[in-house]
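First the structure, in the form of structure tokens, and then the observations on it.
The values are calculated or read from the model by the stated rules, or taken from the named source; none is laboratory data. Quick caveat: nothing in here was measured; it's all calculated off a predicted structure. Positions of Cβ are backbone-derived with ideal geometry, glycine not excepted, and every protein chain shown enters the neighbour counts. To get the accessible areas, we keep the full protein, side chains included, count just its heavy atoms, and leave off ligands, DNA and RNA. Shrake-Rupley method; radii C 1.70, N 1.55, O 1.52, S 1.80 Å.
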Amino acid sequence: MEDLLVRIICRLVVPFVQLYGLYVITHGHLSPGGGFAGGAIVGASMILFALAFNLEAGSRKLSHDISLLMESGGAIGFILAGFVAMLLGQNFLTNKAAGFPLGVPGNLFSSGAIFFFSVAIGFKVGSTMCTLFYNLIEGSDRHRSSE
Amino acid sequence: MIDIEVLSKLFNNYYYFAAIILFIIGFHTMLTHANLIKKIIGMNIMETAAFLIFVSIGYIEGGRAPILDEGFDQIYMNPLPQALILTGIVVAVSVTAYALSLIIKLYQHYGTVDADEIARIRSYKP
Amino acid sequence: MEVNSLTAMAILVLASYIFFYLPASRLRGVLVLIMLGIIGYALVATVAEMPTFGASANPPHNEVYQRYLHQAVEDTGAINAIAAIITDYRAFDTLGEVTVLFTAIAAALSNLKAH
Amino acid sequence: MTTGIEIFLLTFLIVCAVAVAYLKDLLSAVIVFGAYSLIMAINWQMLGAPDIAITEAALGAGVTTFLFIATISKTRRSE
């Protein structure tokens, strides 16, 4: 836990891992990846940070309230992006028929609502993995001290 | 009783055969070990074996990954099993996390993670 | 090489009952091995009748596969066919999956924070 | 040509699964299971499924191993 090398290497590596995770999320419709894989990478980077430093530093980077907010926001954002299609007069979660601009296939801003769906799933999966790990590590300690 | 035809079929379908062996190993781990964490690892191995047989059904000899940027002259893999399994992997991780939280609570309550031990404690002290 | 899968399932259920009522002993290990042998025999017999691995004329590669490959770019604008299937054709499935994640984390948190 | 590599990877998977069953130290078993997941990710790539390969490498080999290690740190290490 007190190893200097691990801390320095983690401080160097974690931003690049997060950048790669965001790349995988936003380019999900062009290359392998998407919401699930990119969200898992971002969540794993936060877990790595909390492992190399201690849990307080990890909680300061991503506090519990923000994490829970991101998680609920991911699920609600997915559903809201589905309801936009209903407002436009089509079925729930439709993309092309609801009139989202598809753009040129191969560009970054193509494929309409898939981008929003991927971002919502990425937020959801990343914060879920992070929150699960934090609570598995610390949840029982708080319980034991309160007894 | 064992024909040479069946053996050659099994050798040709070696991915399916390996998936069956992994499934049996995972099931055996899950049934014979009393430690709960070992049971969860065995369950993960079983899940991975099921995913392996599902994805290898969609494999096509000489095909490319289903990124459709080269036109339709190429042979592409079947994207449908891969899309279904991608959902399954995430569900497997959530099931694992929930089971591990149950294990932590069991350890706090009984002081052990051994299933036989927990059964003995429960039968002596109702 | 025909296996009645219903018989295999019945034997499996019977063996599981015996498994739950027996303490950890050598008999239980032997019983588990017999049960796994039956399951493995059924699975191997099934695999031996499956079509050849990797052939392009296999039953899964039917018109659904052709439809997804030929229409995915035009229907959704996504090059990645898997992203097109997950977030457009079968987006309702993904909604259920997000619900599963939410349920899992709610259950785990309520379990860990319980008094 | 590629069949040799595939059969080697599948054999490695089976050896890893058997090793997980026979290891008495739970931490070693979890690390071997991480190696199993990583080999499985390579296997997905050989099967032409890079999406599942990325997801398995991040979730199966990364997050699942972290969760298991967290649980072992809360409970006991030996079986």
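Shown are B:ASP3, C:ASP75, whose ranking by accessible area with a 1.4 Å probe and every protein chain present, most to least, is B:ASP3, C:ASP75.
For the pair D:ALA19 and B:LEU10, how long in nm is the line joining their label points, each one 7 Å along Cα→Cβ? It works out to 2.5 nm between the two label points. Average accessible surface for the protein assembly as shown: 47 Å² per residue, computed with a 1.4 Å probe over protein heavy atoms with every protein chain in place. Any idea which of C:VAL73, C:ILE85, C:PHE102 is furthest toward the positive side of the dipole for segment C:63-112, if Lys and Arg beta-carbons carry +1 and Asp and Glu beta-carbons -1? Looking along the dipole axis, the top candidate is C:PHE102. Other residues within the sphere of radius under 12 Å centred on the Cβ of D:SER78, judged by their own Cβ, net out at +1 (K and R +1, D and E -1). Note on chain D: Kirkwood radius taken over Cα pairs, Stokes-Einstein applied at 37 °C and 0.692 mPa s, translational D equal to 248 µm² s⁻¹.
Accessible area buried by the pairing of B and C, both sides summed with a 1.4 Å probe, works out to roughly 4300 Å². Relative contact order, whole percent, for segment D:2-74 stands at 29, derived from Cα pairs under 8 Å and 6 or more residues apart. Calculated mean residue ellipticity, 222 nm, the protein assembly as shown: -24500 deg cm²/dmol, from DSSP H runs (n ≥ 4) at -39500 (n - 2.57) each, averaged per residue and rounded to 500. Between segment C:67-107 and segment A:1-37, the C-alpha centres lie 23 angstrom from each other. Using the Cβ-Cβ distance between B:ASP73 and C:THR7 with R0 = 56 Å, the FRET efficiency computed as 1/(1 + (r/R0)^6) comes to roughly 0.70. For the pair segment D:58-79 / segment B:15-48, the C-alpha centres are spaced 17 Å from each other. Over all pairs of different C-alpha atoms in chain A, the reciprocal of the mean inverse distance, the Kirkwood hydrodynamic radius, equals 16.9 Å. Computed from backbone phi with θ = phi - 60° and the Karplus coefficients 6.51, -1.76 and 1.60, the 3J(HN,Hα) list for segment D:49-56 is 10, x, 4, 5, 5, 5, 5, 5 Hz; x is used for glycine and proline.
Per-residue shielding of D:38-45, expressed as the average number of other chain Cβ atoms within 10 Å of the residue Cβ, stands at 3. Its Cα centre serving as origin, the protein assembly as shown has a Cβ charge dipole (Lys and Arg +1, Asp and Glu -1) of approximately 1560 debye.
Counting charges near B:TYR107 (Lys, Arg +1; Asp, Glu -1) among other residues having Cβ under 9 Å from its Cβ returns a value of +3.
For A:ALA113, neighbours were defined as the other residues whose beta-carbon sits under 13 Å from its Cβ, and their charges (Lys and Arg +1, Asp and Glu -1) total -1. Using the Cβ-Cβ distance between D:THR3 and A:ALA97 with R0 set to 35 Å, the FRET efficiency from 1/(1 + (r/R0)^6) comes to roughly 0.20. Among D:LEU47, A:GLY77, C:VAL44, flag the residue with its Cα farthest along the positive direction of the charge dipole of the protein assembly as shown, charges on Cβ as +1 for Lys/Arg and -1 for Asp/Glu. Highest projection toward the positive end goes to A:GLY77.
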